[in-house]
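Data first, discussion second: the structure below is written as C-alpha cells.
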Amino acid sequence: MDMEACPTCMICGLTGRIRYTELPDRLFGVSGRFQFRECPRCRLLWLDPRPHPESMAECYRDYYTHEEPRSCGEPARALAVLRDRLREAILCGYFGYRHLHRDHCLCRFGGFWGRIPLLRHRAIYDDLGDRFPVFVDRKDNLLVDVGCGRGDFLGRMRTLGWNVLGIEPDPVSAALAASRGIPVFRGTLNEAALPDAMADRVLLSHVLEHLSDPYTVISECFRILRPGGRLIIITPNSQSLGHRFFNENWRGLEPPRHLFIYSGLSLRKILERSPFRKYLITTRSYLARGIYDYGLSIRKKPDFDPRIVGPQKGRIVFAWTEAILCLLGKPVGEEIVATALKD
C-alpha cells in the first residue's frame with residue numbers, strides 16, 4: 001500500500017507531535033503499522049504517513065458495510081400497539097411526519113413527549129439519533145447521505161416519506177444499497193456533480209474522518225443544499241472520555257481508515273473556513289457502552305476478534321459517567337455532532 005507523509009496540521013500548519021506509533025489495524029486486518037500525530041493547538045489527530053488516495057480501497061476490503069444488512073424490525077411485545085401509537089405521535093407532533101396516519105388525537109401531546117430525550121430516541125429507533133430530520137412536506141424533498149454504505153439509514157427514511165440519494169465510493173457497499181432499490185451514485189460527492197440547491201438535508205455520518213480534504217466536501221454540501229437546508233456531521237471525538245481512558249486502545253482511532261480525528265475545536269475551525277455561517281457543535285455519549293466494550297477487549301487481548309465483542313464489566317458506570325458529563329456541558333462524548341444551516 002502506497003503511503004504519503006503529512007507531518008503538519010491541515011488546520012493550524014503546525015508540525016504535529018507523535019501521539020501513537022506502531023498501531024495495527026485490529027478491526028479489519030489491514031497489514032502494516034500506523035502512526036498518529038496530534039496538533040498542540042487544536043487537538044486534531046491525524047495519520048502520518050497515511051494511505052495514498054489510490055490505495056485507500058485496500059483499507060476497506062473486508063469492511064463491515066460489505067455484509068448484508070440486518071433486519072430493522074423490532075420483536076413483538078405485549079405493549080407493541082401502545083409503543084407504536086406513542087412513536088407515531090412523536091414523529092407527527094414533534095418531527096412533522098403528519099402523513100404517517102390520519103388520527104391525530106394524540107399528536108398534540110407528541111410535541112411535548114418529543115422533548116423528553118428517552119422517548120424521542122425510542123421514537124426514532126435509537127440508532128438514528130441526530131441523523132433523524134424534521135420532515136419537509138414537499139414532493140421534491142431530498143435527503144442526501146454522503147458515504148451511505150449499504151443504505152441502512154436511507155432505507156429507513158424512504159419508508160417515512162423522503163426522497164433519498166446515496167453517495168458511496170465503495171463498489172461493494174454501493175451495490176448492496178442499490179440492490180435494496182436505493183438510488184446510489186457510485187463515487188465521491190464531487191464526482192456526482194449534483195445540481196445547485198437540490199437537497200433539504202445532507203448527512204456526513206462517520207464520514208469526515210475518512211476524507212483527506214474535508215474543506216472541499218463541506219463546501220460541496222453547502223452548494224447542493226437549498227436555503228434553509230441543514231448539514232449534519234457526526235464524527236469521533238478526539239477529546240472523548242473513551243479516548244482519555246483507553247488511549248491507543250480507543251476504538252475511534254481505527255487506523256488506517258480514519259485519516260483525521262477531530263476535536264470540537266478543530267471541527268469548529270473547519271466550519272469557520274466553510275461557507276456556513278450558522279452551526280452548532282455538541283458531543284453525545286450514545287456509543288459509550290460499545291466504545292468501552294471494544295477498548296477493554298483490546299486492552300485485555302490485543303488480537304481479539306472484533307466480531308464477538310461482548311458486554312464488559314463496568315460499561316454501565318462508564319456510559320452513565322460520560323452521559324452526565326455531557327449533560328453538564330463537558331465536551332467528552334464519543335461523537336461530535338455538528339449541525340450547520342444554510343441561510
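The values are calculated or read from the model by the stated rules, or taken from the named source; none is laboratory data. Model, not experiment: these values are computed from the prediction. Positions of Cβ are backbone-derived with ideal geometry, glycine not excepted, and every protein chain shown enters the neighbour counts.
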Checklist outcome for this item: By residue number, the members of the range 128-158 that are closer than 16 Å to Gly96 by Cα and β-branched (Val, Ile, Thr) are Val134, Val136
Checklist entry - Can you tell me which of Arg257, Arg268, Arg277 is modelled with pLDDT of 95 or more, basic (Lys, Arg), closer than 25 Å to Asp170 by Cα and surrounded by fewer than 24 Cβ atoms within 10 Å (Cβ to Cβ)? => result Arg257
Item to check | Members of the range 308-338 found to be in contact with a Lys or Arg (Cβ under 7 Å, 6 or more places away or on another chain), farther than 20 Å from Tyr279 by Cβ and not hydrophobic (A, V, I, L, M, F, W, C), listed by number | outcome: Arg315
Item to check | Among residues of the range 1-27, those that are touching a Phe, Trp or Tyr at 6+ places or on another chain (Cβ under 6 Å) and either assigned to a helix (DSSP H, G or I) or in contact (Cβ under 8 Å) with a residue 60 or more places away in the chain (or both), counted | outcome: 2
Item to check | Every pair of residues 6+ apart whose Cβ atoms lie under 6 Å, when the first sits in the range 57-68 and is surrounded by 13 or more Cβ atoms within 10 Å (Cβ to Cβ) while the second is among the basic types (Lys, Arg) | outcome: Cys59/Arg257; Thr65/Arg150
Next on the checklist: Between Ser212, Ser205, Ser173, Ser179, which is under 14 Å from Arg131 (Cβ atoms) and of a type in the set (Ser, Thr, Tyr)?
Outcome noted: Ser205
Checklist entry - Using beta carbons and a limit of 7 Å, which pairs, at least six apart or on different chains, have the first residue in the range 273-285 and more than 13 Å from Glu322 (Cα to Cα) and touching a residue at least 60 places away in the same chain (Cβ under 8 Å) and the second one of a type in the set (Val, Ile, Thr) and surrounded by 17 or more Cβ atoms within 10 Å (Cβ to Cβ)? => result Ser274/Ile218
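Applying the selection to the range 164-177, what residues are touching a residue at least 12 places away in the same chain (Cβ under 8 Å) and part of a helix (DSSP H, G or I)? First the steps, then the outcome.
First, the residues of the range 164-177 that are touching a residue at least 12 places away in the same chain (Cβ under 8 Å): 164-174, 176-177.
Pro171, Val172, Ser173, Ala174, Leu176, Ala177 - these are the residues of the range 164-177 that are touching a residue at least 12 places away in the same chain (Cβ under 8 Å) and part of a helix (DSSP H, G or I).
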Next on the checklist: Quick test of your reading of the structure: Gly181 fulfils all but one of (1) in contact with a Gly (Cβ under 9 Å, 6 or more places away or on another chain); (2) closer than 22 Å to Arg257 by Cβ; (3) free of Cβ contacts under 8 Å to residues at least 12 places away in the same chain. Name the failing condition by number.
Outcome noted: (2)
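Could we say that Arg37 is under 25 Å from Tyr215 (Cβ atoms) and outside any loop (DSSP other than H, G, I, E, B) here?
On the way: under 25 Å from Tyr215 (Cβ atoms): yes; outside any loop (DSSP other than H, G, I, E, B): yes.
So Arg37 passes the test.
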Next on the checklist: Among the numbered criteria (1) within 17 Å of the chain's Cα centre (by Cα); (2) over 27 Å from Phe222 (Cα atoms), which one does Lys301 miss?
Outcome noted: (1)
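Yes/no matrix, rows are residues, columns are (1) in contact with a Leu (Cβ under 6 Å, 6 or more places away or on another chain); (2) surrounded by fewer than 21 Cβ atoms within 10 Å (Cβ to Cβ):
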{"residue": "Ala178", "(1), (2)": "no, yes"}
{"residue": "Gly181", "(1), (2)": "no, yes"}
{"residue": "Val184", "(1), (2)": "no, no"}
{"residue": "Asp196", "(1), (2)": "no, yes"}
{"residue": "Val202", "(1), (2)": "yes, no"}
{"residue": "Pro214", "(1), (2)": "yes, no"}
Checklist outcome for this item: When the range 147-163 is checked residue by residue, the ones that are surrounded by 22 or more Cβ atoms within 10 Å (Cβ to Cβ) and in a loop (DSSP other than H, G, I, E, B) are Gly147, Cys148, Gly149, Arg150, Gly151
Checklist entry - Considering the range 297-318 alone, what residues qualify as being modelled with pLDDT of 95 or more and in a helix (DSSP H, G or I)? => result Arg315, Ile316, Val317, Phe318
Next on the checklist: Taking the condition of being of a type outside the set (Ser, Thr, Tyr), out of contact with any strand residue (DSSP E or B) (no Cβ under 9 Å at 6 or more places or on another chain) and on the phi > 0 side of the Ramachandran plot, how many residues in the range 90-148 meet it?
Outcome noted: 2
Checklist outcome for this item: By residue number, the members of the range 1-31 that are exposed (fewer than 13 other Cβ atoms within 10 Å of the Cβ) and under 18 Å from Arg61 (Cβ atoms) are Asp2, Gly29, Ser31
Next on the checklist: Pairs needed: first member in the range 95-115, free of Cβ contacts under 8 Å to residues at least 40 places away in the same chain; second member anywhere, among the aromatic types (Phe, Trp, Tyr); C-beta distance under 6 Å; at least 6 residues apart or different chains.
Outcome noted: Gly110/Tyr94; Gly111/Tyr94; Gly114/Tyr94
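So, Leu119, is that one assigned to a helix (DSSP H, G or I) and buried (at least 16 other Cβ atoms within 10 Å of the Cβ) or not?
Working: assigned to a helix (DSSP H, G or I): yes; buried (at least 16 other Cβ atoms within 10 Å of the Cβ): yes.
Against the criterion (assigned to a helix (DSSP H, G or I) and buried (at least 16 other Cβ atoms within 10 Å of the Cβ)), Leu119 qualifies.
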